[in-house]
Amino acid sequence: MRKLLVAGLVTAMGVGAAILTLARPSTAQQPAKTAAPQPAPKVEADSVLAPRLTVADSAGLKGPKQPVFFRHDIHAGQYKIQCQYCHYSVSRSSEPGIPSMQTCMGCHLVIGGTDSTHRAEIKKLRDAWREKRPIEWVRIHTLARHAHFPHMRHIKAMGPAACGTCHGDVQRMPQVFKVNNVNNMGFCISCHVARKVNRDCSACHY
Amino acid sequence: MADEHRSDPVDRRRFLKVLGVAGAGTAALAGCSTDRIEKLVPYLVQSEDEVPGIATWYASTCTECPTGCGLHVRTREGRAVKLEGNPDHPINAGTLCARGQAALQGLYNPGRIRFPMGRNAAGDIAEILPLEGVNRLADAIRSANGKVAVVSGAGRGTFDDLLGRWVTTLGGRLVRYQAFDHEPVRLANQMVFGLSEVPAHDFAKAKYILSFGADFLETWGSPIENQRGFAKSHGFDGQTMAKAVYVGPRMSLTGMNADQWIAVKPGSEASLALGLASALAGSRNVDAGSARTVLGEYTVDRVATDTGVSAEVIRKLAEELGRATPSLVVAGGVGGQHAGAIDLCAAVNILNHVLGNVGQTVHFGRGVPSSDGYGALADLIGSMDRGEIGVLIVHEANPVFTVPKSSKLADAIRKVPFKVSTSMFMDETTVLADLIVPNLHALERWDDLRPRANVRGLIQPVMQPVFSGLNTGDLLLQVARKLGGTVGAGFTAPTFEAELKTAWGDFGRSRGAADADTFWRQSLAKGGVYDDAPASPAVSVAATAAQVSGAVAPLGGDGEFVFTPYPSSMYYDGRGANRPWLLENPDPVTKITWQTWIEINPEKAREMNIREGEILRLSTPQGAIEAPVYLYPGIRPDTLAMPIGLGHTAFGDYAKGRGVNPLDLLGAEAGKGFLSYVSVKVKAEKTNGYKKLAKTEGNPRELGRHITEAMPVAHAAKGMTVEESLKADGEAEEASNTKLEVDALQGFRTAQVEQRKYGAYAEDFPQWGMSIDLAKCTGCSACVTACYAENNIPHVGEEYVLRGREMSWMRIERYYEGGENGEPFSARVIPMLCQHCDNAPCESVCPVYASYHTADGLNGQVYNRCVGTRYCSNNCPYKVRYFNWSAYAKLAFPEPLNLQLNPDVTVRARGVMEKCTFCIQRIRSAQNQARLEDRPLKDGDVVTACAQACPSGAIVFGNMKDPESRVVKAKQDRRGYHVLEEINVRPAVTYLAKVFDRAEA
């Protein structure tokens, strides 16, 4: 299952990158590749252990620095927590949902972290919870307001592990960054062409 | 998700710029639509009820007028975004009027008072803490020593019970006040039947409807319930329809929907009603009781002299009334509220009795709440003036605006040492207050209403309060507790919510509910408890009925014109005047927005050499006002009419200083316990002023364009098409197509069917279509506000309406018929929206493919493609495309109005064309849901906002490919036609011709 996801991911990234650099619509004519098996990516495919990083390292990582150095690679990668445990509404709503502070504290009431870096970050969470202050995450993916993206239909069509198709291999990201520009319409369309699904303007724009 | 809501408009220039950047391959960090960093703010604790992106619905009850309709409130991400009717509710059955829907703009109104306020040391009004408000009120009551008066406009319910108990405990005085009370109706029922109550009316059952100035479709009684019933009886059912006749000096919206208008002399209506009763009593085996002797005096000839209506018309009316059983006669609106109003209502009671309608279409014992009448308020004004009141509390009422200035109410209030208002808005009464503790909006608080004996509606908070306020129920409880002693002992509930739950617990027990908590939850989920209506008690004519008189009501003043102010369809008694949706929604009769006008008969205007927009000065001994005139053929030449509702001197930025208040011309004598609205003759003088009327109509007449089709009931019953009906009337020559045209149409149709075999069109997509039954549509304009609410349509304001830039995707066109050369005057209405033509002229001229045809039969409009050439609008024969001329998104939704915006619909930027989408967001949402459930779409899954709101059920939407769908069935009706069929654009909207039952001229 997971292997499939990674394969799909690489193709999608490839197509996306082509659009970004060439800005040519001809990519739409290479749909067959999606289905073809792809080699696994070279990023430590066998290791499930997330790298040891301190908060100081976050500045050197891709993506915007977040108020808490939340490690998707630890949560979703190393501990294999399902995406939908936190992004709970992705299979039924257009919005994927972000976890409430209570969801975080469900675990972190008990789990205090294994080393000083982790402990420091988890303390930020606990302090915020105590002060009833939500953590204001920096948003990575913002779809333009004139387009509508129903997450649930994509999950329905592509399975619960399809997140990476657009969001990249988040399980391996210590700090989340934008892999695909979701506001590049070609990125959407290439997939819709490949899968022979609706390409009507008003499917998304209304 | 507490993500930034979608109200933030995409600035067009920035949008294009960023698009260009992204195309060159540089990814902006924080997304495409904006270069700001956006934050994702999580909940601390996620509400169980709420999933981001999915609407949560709550059942509640509407408090915008005394009717008490049931609501379903759509909330998204913790804020109310749309109000719809509760389908289970017996009064409105899932529909909602424009005023009810605009409650949202009350909730999010920028003019709302943001915190409790009181006088500071300098005597200015300034913010205080809620607790301070409680303390101050308690202190004032203590020192007032029982001299407490409360004016409350709250409906009957637990709050009203609590208030009554509270005032009694304090030894004070409670005046239940509604501007448009039913006092004459109540007093007349007392006179004729010995029943001091207001009856309920069943329009659905009536086979003949006769109204004496009661505007039951817009403001009188229970408008939505009336309209639902009216559509059922008066709407053509395939065989027959009830005839409706309107009697009054001015043709209102109700009059426009009637088949016949009798322009009776103002004040003489009672004579006509008695004349009809007299003519019918002879042929019917009904005992008119003590009224028998009175009836004898009203011969047809006498009535004809009294009323100015020809004897022939009266005889015919009596004959028709006598044939239809049951029928329904109503009276008692503001239009008939003159010195003789009780007599008029009493005469109508006798007429209903003679016709055997009481118990059939007129139901007593239904517990329709009535207020204390103007007499009680007039008494209170006297007391205040004499310094007998120490504390005055005004709750959910604005009497300083709704009572004529000549009452000197404002001066009397100033004499009260301590004035308290619980209003949410800084209205004319509240500006006089020493203490303001704003009530929470009905969508933010616990409450309930009992609009009928068998209907109890619950009101629940659907969201966090927008501004700081205090449920007035809690205010009463806290003040009582603060006062302590015997007063405090009587009010032990810790909160009003607890009080409400206790009351419902008792109610549940009285019905034998096993568990109070379960009963509460079930009632809350359903929106309340709805029982069958109780049986009507048998009534008989009381001895006092002999007092009825048909004497023509006297009028004061020495002017030339009878002055008839009437409640506005949109602003009601003025409470709607701070809601832009209602200001921009044109008056259903005159199509004027944002303004006050004077209606005058065109012939009279010609005589006086007045043109539309010229400012007239009207004066009476009580005052003078100036307003532009509107030439209206539906008014008697000796009468002038003006809508009530504008002319506020306070009440927020939208209302303040807009228009004039016709009540300024009236005297304020309480007379027999009610306010006479038709009581003076005004003097009209020309001024040199001119004000262009902000009308949304082009031409008031159809000029042979055949936009609204209508046929007599005799033709409709024979199953005639519009063309056949016109032919039968000898008018078909120009209306029907020539053979050449028919061939061309057929050829086009074949070509189009052929085209459907290619591309995406070949796939199995639905074809969306709509039918609108003009026999049911009354022009009430509920659909217009529903469209504004659903589709984030900005209001543009008076100035832009004057330039013809209104954005109303759905509009009601109104066309006058006749009224010239002695022909009877009538009017027709037609809702006009994008027709989603199969052969759309707009699509072929768009240079950027922004306007195009979707595979599911919609005329798509892609905002992000649109560059604003406006070619499409120029080429649209229906003129239903609206160009976004200004930064309306910013102008129309100032904080916190923007919280109402529907997150499923793009807020359009300046410079794009927009139009009706057939509520595509609802289509897509239904399709998404069906896909999640692995099922095909069913008929009824998609209901457009207009169809949902329509109280008449005139609009049906659905898939034209599904032979079982309601829309296909409706479109098969023989009355179906397309507007401007001859230009061959193949619209997806089918209209069913209006059917009328008009006396052969």
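The values are calculated or read from the model by the stated rules, or taken from the named source; none is laboratory data. In this text the structure is predicted, and so the values were computed from the model without any measurement. Positions of Cβ are generated from backbone atoms using ideal geometry, with glycine treated the same way; all protein chains shown enter the neighbour counts.
Identify all residues within the range B:556-573 that are part of a loop (DSSP other than H, G, I, E, B) and more than 20 Å from B:Leu217 (Cβ to Cβ); write none if there are none.
B:Gly557, B:Asp558, B:Gly559, B:Glu560
Give A:Ala59, A:Ala50, A:Ala45 a once-over and let me know the one that is modelled with pLDDT under 90 and in contact with a Gly (Cβ under 6 Å, 6 or more places away or on another chain).
After applying the criteria, what remains is A:Ala50.
Let me spell it out: the conditions are (1) more than 11 Å from every other protein chain (Cβ to nearest Cβ); (2) in contact with a Phe, Trp or Tyr (Cβ under 9 Å, 6 or more places away or on another chain), and A:Arg172 meets all of them except one. Which number is the exception?
(2)
If I ask for residues that are among the hydrophobic types (A, V, I, L, M, F, W, C), buried (at least 22 other Cβ atoms within 10 Å of the Cβ) and closer than 18 Å to B:Thr75 by Cβ, which ones from the range B:447-475 would you list?
B:Leu458, B:Ile459, B:Val462 - these are the residues of the range B:447-475 that are among the hydrophobic types (A, V, I, L, M, F, W, C), buried (at least 22 other Cβ atoms within 10 Å of the Cβ) and closer than 18 Å to B:Thr75 by Cβ.
Please go through the range B:42-89 and pick out each residue that is away from chain A (no Cβ under 14 Å), assigned to a loop (DSSP other than H, G, I, E, B) and surrounded by fewer than 18 Cβ atoms within 10 Å (Cβ to Cβ).
B:Pro87, B:Asp88
Say whether the condition of being assigned to a loop (DSSP other than H, G, I, E, B) and under 29 Å from the mean Cα position of the chain (by Cα) is met by at least one residue in the range B:329-336.
Within the range B:329-336 (the criterion being assigned to a loop (DSSP other than H, G, I, E, B) and under 29 Å from the mean Cα position of the chain (by Cα)), the answer is yes, since at least one residue qualifies.
Considering only residues of the range A:155-169 that are away from chain B (no Cβ under 14 Å) and aliphatic (A, V, I, L, M), which is surrounded by the most Cβ atoms within 10 Å (Cβ to Cβ)?
My answer is A:Ala162.
Within the range B:946-1001, track down each residue that is at positive phi and over 28 Å from the mean Cα position of the chain (by Cα).
B:Leu980, B:Asn984, B:Arg986
Any chance you could count how many residues in the range A:114-141 are surrounded by 14 or more Cβ atoms within 10 Å (Cβ to Cβ) and either away from chain B (no Cβ under 11 Å) or in contact (Cβ under 8 Å) with a residue 12 or more places away in the chain (or both)?
18
Can you name every one of the strands (runs of 3 or more DSSP E) wholly within the range B:114-200 that holds 1 or more residues which are farther than 15 Å from B:Asp372 by Cβ and either in contact with a His (Cβ under 6 Å, 6 or more places away or on another chain) or at pLDDT 90 or above (or both)?
Passing ranges, in order: B:117-119, B:125-127, B:148-152.
Of the residues that make up the range B:97-109, is at least one surrounded by fewer than 16 Cβ atoms within 10 Å (Cβ to Cβ), in a loop (DSSP other than H, G, I, E, B) and out of contact with any Pro (no Cβ under 6 Å at 6 or more places or on another chain)?
no
Can you find a residue in the range B:962-972 that is without any contact (Cβ under 8 Å) to a residue 24 or more places away in the chain, of a type in the set (D, E, K, R) and within 30 Å of B:Leu740 (Cα to Cα)?
Looking through the range B:962-972, at least one residue is without any contact (Cβ under 8 Å) to a residue 24 or more places away in the chain, of a type in the set (D, E, K, R) and within 30 Å of B:Leu740 (Cα to Cα).
Please pick out the residue among B:Glu319, B:Glu312, B:Glu297 that is at pLDDT below 90 and more than 21 Å from B:Ser679 (Cα to Cα).
B:Glu297
I'd like the full set of residues that are polar (S, T, N, Q), within 17 Å of the chain's Cα centre (by Cα) and at the interface with chain B (Cβ under 10 Å from one of its Cβ atoms), limited to the range A:77-106.
Result: A:Ser89, A:Ser91, A:Ser93, A:Ser94.
If a residue has to be of a type in the set (Ser, Thr, Tyr) and in contact with a Ser or Thr (Cβ under 9 Å, 6 or more places away or on another chain) to count, how many in the range B:747-803 make the cut?
Adding up the residues that qualify gives 5.
Taking B:Asp941 as the residue in question, decide whether it is at pLDDT below 95 and closer than 20 Å to B:Lys82 by Cα.
Yes, satisfied.
Restricting to the range B:682-705, and then to whatever is among the charged types (D, E, K, R) and assigned to a strand (DSSP E or B), can you tell me which residue is surrounded by the most Cβ atoms within 10 Å (Cβ to Cβ)?
B:Lys695
Hey, B:Met256 hits all of (1) crowded, with 24+ Cβ neighbours inside 10 Å; (2) farther than 27 Å from B:Ala533 by Cβ; (3) over 15 Å from the mean Cα position of the chain (by Cα) but one; which does it fall short on?
Among (1) crowded, with 24+ Cβ neighbours inside 10 Å; (2) farther than 27 Å from B:Ala533 by Cβ; (3) over 15 Å from the mean Cα position of the chain (by Cα), the lone unmet condition for B:Met256 is (1).
Could you check the range B:845-859 and list, in sequence order, the residues that are touching a Cys at 6+ places or on another chain (Cβ under 9 Å) and more than 14 Å from chain A (Cβ to nearest Cβ)?
Correct list: B:Val845 only.
The rows are residues; the columns are (1) surrounded by 20 or more Cβ atoms within 10 Å (Cβ to Cβ); (2) charged (D, E, K, R); (3) under 26 Å from B:Trp581 (Cα atoms).
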| position | (1), (2), (3) |
| --- | --- |
| B:Arg865 | no, yes, no |
| B:Leu891 | no, no, yes |
| B:Cys950 | yes, no, yes |
| B:Gly953 | no, no, yes |
| B:Gly958 | yes, no, no |
| B:Pro963 | no, no, no |
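Could you give me the residue pairs with C-beta distances under 6 Å whose first residue belongs to the range B:616-645 and is on the phi < 0 side of the Ramachandran plot, whose second residue is buried (at least 24 other Cβ atoms within 10 Å of the Cβ) and among the basic types (Lys, Arg) wherever it lies, and which are 6+ apart or on separate chains?
From residues that are on the phi < 0 side of the Ramachandran plot, the pairs are B:Ile635/B:Arg250; B:Ala641/B:Arg250.
Restricting attention to the range B:563-578, does a residue exist that is more than 30 Å from B:Val629 (Cα to Cα), touching a residue at least 40 places away in the same chain (Cβ under 8 Å) and surrounded by 17 or more Cβ atoms within 10 Å (Cβ to Cβ)?
Among the residues of the range B:563-578, not one is more than 30 Å from B:Val629 (Cα to Cα), touching a residue at least 40 places away in the same chain (Cβ under 8 Å) and surrounded by 17 or more Cβ atoms within 10 Å (Cβ to Cβ), which makes the answer no.
Given B:Val286, B:Val245, B:Val294, B:Val309, which one is touching a Ser or Thr at 6+ places or on another chain (Cβ under 9 Å), over 22 Å from B:Tyr572 (Cα atoms) and part of a loop (DSSP other than H, G, I, E, B)?
Criteria check complete, one pass: B:Val309.
Residues that are under 24 Å from B:Gly940 (Cα atoms), at least 2 per element: which helices (runs of 4 or more DSSP H) completely within the range B:742-858 meet that?
In the range B:742-858, B:782-790 are the helices (runs of 4 or more DSSP H) which contain 2 or more residues that are under 24 Å from B:Gly940 (Cα atoms).
Could you tell me whether B:Thr544 is among the polar types (S, T, N, Q), surrounded by fewer than 19 Cβ atoms within 10 Å (Cβ to Cβ), in contact with a Gly (Cβ under 8 Å, 6 or more places away or on another chain) and outside any loop (DSSP other than H, G, I, E, B)?
Against the criterion (among the polar types (S, T, N, Q), surrounded by fewer than 19 Cβ atoms within 10 Å (Cβ to Cβ), in contact with a Gly (Cβ under 8 Å, 6 or more places away or on another chain) and outside any loop (DSSP other than H, G, I, E, B)), B:Thr544 qualifies.
Determine, yes or no, whether A:Leu109 is within 14 Å of chain B (Cβ to nearest Cβ) and under 21 Å from the mean Cα position of the chain (by Cα).
Here the answer is no, as A:Leu109 does not meet what is asked.
Would you point out the residue of the range A:144-154, among those that are aliphatic (A, V, I, L, M) and buried (at least 21 other Cβ atoms within 10 Å of the Cβ), that is nearest to B:Glu933 (Cα to Cα)?
A:Met152
Could you say whether any residue in the range B:533-555 is within 26 Å of the chain's Cα centre (by Cα) and either of a type in the set (Phe, Trp, Tyr) or farther than 22 Å from B:Leu187 by Cα (or both)?
Checked the range B:533-555: at least one residue is within 26 Å of the chain's Cα centre (by Cα) and either of a type in the set (Phe, Trp, Tyr) or farther than 22 Å from B:Leu187 by Cα (or both).
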